[in-house]
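In what follows, a structure is listed as structure tokens, so that the remarks can point back to it.
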Amino acid sequence: MIRVLQINLNRCGAAHELALNTATQLESDILLVTEPNVNKLGQNWTIDQKNDAAIKVLGSAGTGEKESNDGFLWRTHANINFYSCYISPNVDITEFGAFLDRLGASLESRPRGQGTVITGDFNSASPLWGSRRANARGRLLEEFIAKHNLTLHNTGNKPTFQRGAQESHLDLTLTNDRIKTRIKGWAVLGELESLSDHNYITFQVTRDPSDSTGNKPRTEKHLDFERCKQELETRLRDKNLTAGVLTKEMKRACAAATADRPPRIKKAYWYNDEIAELRRVCVKSRRKYLRASPENRLRYNLEYTNSRKDLSRSILSSKKETWRKLREEVGRNPWGMAYKIIMNRLNVSITAPPKDMLRATLDVLFPDRALENQAPGSGTGWSRIQEIEEVTDEEIEPPRRQSLELELNGAPHDILASWPRST
């Protein structure tokens, strides 16, 4: 299953950061945004030609196909074409029609067997997606949906855009026939503060039932070693031990000491309790403002505006403070958070060398016999026998000390596994 988060960020830097954290907390796999903050777009983002739409695949660098166009872009993930689109409300109807023509040509160029998800802010109105009446843009978009046999997933129950008393349905989610039945849980998260005039939209794309190669969801397990030891001691007491009995009881002890790992609460590195509380206050003040009577609307609007400013300032301040602490930590602990962030960004892992390579290297560096050494550049045969002295305890003491220091400094296990040790 692919979890998707969709949002118009209104060019706000704090909204951009909050969207990334929200995607992490909701365990989203892909983030589709319009009007992103250009200064926040890093190398892992796919961006359209005008910087009006962007896509980020979360948790991996992503290796699928991608293409940017004027006002939209697409990226392939899990054999699905994900589109993010934006068209300004200020362009005339002719330019809007040209935008739809370009989008339609792009859809027709994609392989027929692939599923397609189209999201974006189309700045158009139609009763089909919750507006009271259709405008010229909405009628053109209705024709576009019918022409390309697309399915609209907006329910129209909640507005996707809210600014003061103004509400509208601007952000749409469309799919082709190949994938329309696999969209589940489409919802507008109107109660979750986004620091944008637009609300979050979330939905899931279920696995293709005809795809037998898909991975089943894995449940994380945790083995309590202390409990396993106690279980094993109890089970082996007063028993006639054989290899079969020992194997069977070890399996039972491990099963008894294994439990489902509690779900980890994921969040951005800068997200803290203060920001979480300010977000709750923001949501509460927003709810009061939207439900206020006309005579109280101005007062609650001021409270809501101030709470949004406080949340935005707190996010930016936390990022700066976290960055300062991160720089200070590098000097004290090179294997700390900075190391983890860099390795995660590089999307690589350090592993110990293969055993055959390690054995060949050790045989050359520490041979168990005398070598016949050839004089360099002599052009003659073996000139002399070089006696190899044994390695002493004094020579291996410094690496052993360094290994202990690495352990004390919290070096990752993959680094320690390849570090020389004394026996």
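What follows is calculated from the coordinates using simple rules that are stated; it is not laboratory data. Here the structure is a predicted model, which means the values were calculated and not measured. Positions of Cβ are backbone-derived with ideal geometry, glycine not excepted, and every protein chain shown enters the neighbour counts.
Phi angles across the range 226-242 convert, under the Karplus curve 6.51 cos²θ - 1.76 cosθ + 1.60 with θ = phi - 60°, into 3J(HN,Hα) values of 5, 5, 4, 5, 5, 4, 5, 4, 5, 6, 8, 5, 6, 10, 7, 7, 10 Hz, Gly and Pro given as x. All other residues whose Cβ lies under 9 angstrom from that of Phe203 are scored, Lys and Arg at +1 and Asp and Glu at -1, for a net of +2. For the range 273-346, the dipole from Cβ point charges (+1 on Lys and Arg, -1 on Asp and Glu) about the Cα centre works out to 260 debye, to the nearest 20.
Counted by neighbouring Cβ atoms within 10 Å, the residues Glu191, Glu17 run from fewest to most as Glu191, Glu17.
For the range 76-120 versus the range 1-35, the inter-centroid distance based on Cα atoms is 20 Å. Across the range 127-143, computed HN-Hα scalar couplings (Karplus, 6.51 cos²θ - 1.76 cosθ + 1.60, θ = phi - 60°) run x, 4, 10, x, 6, 5, 8, 8, 9, 4, 4, x, 5, 4, 5, 4, 5 Hz from first to last residue, x flagging Gly and Pro.
Note on Lys184, Lys56: ascending count of other Cβ atoms within 10 Å places them as Lys184, Lys56, the fewest first. Each residue in Cys228, Cys85 was given a count of other beta-carbon atoms within 10 angstrom of its own, and listing them fewest first yields Cys228, Cys85. Work out the FRET efficiency for Arg227 and Arg287 from their Cβ-Cβ distance, taking R0 = 41 Å, and round it to the nearest 0.05. It comes out at approximately 0.35.
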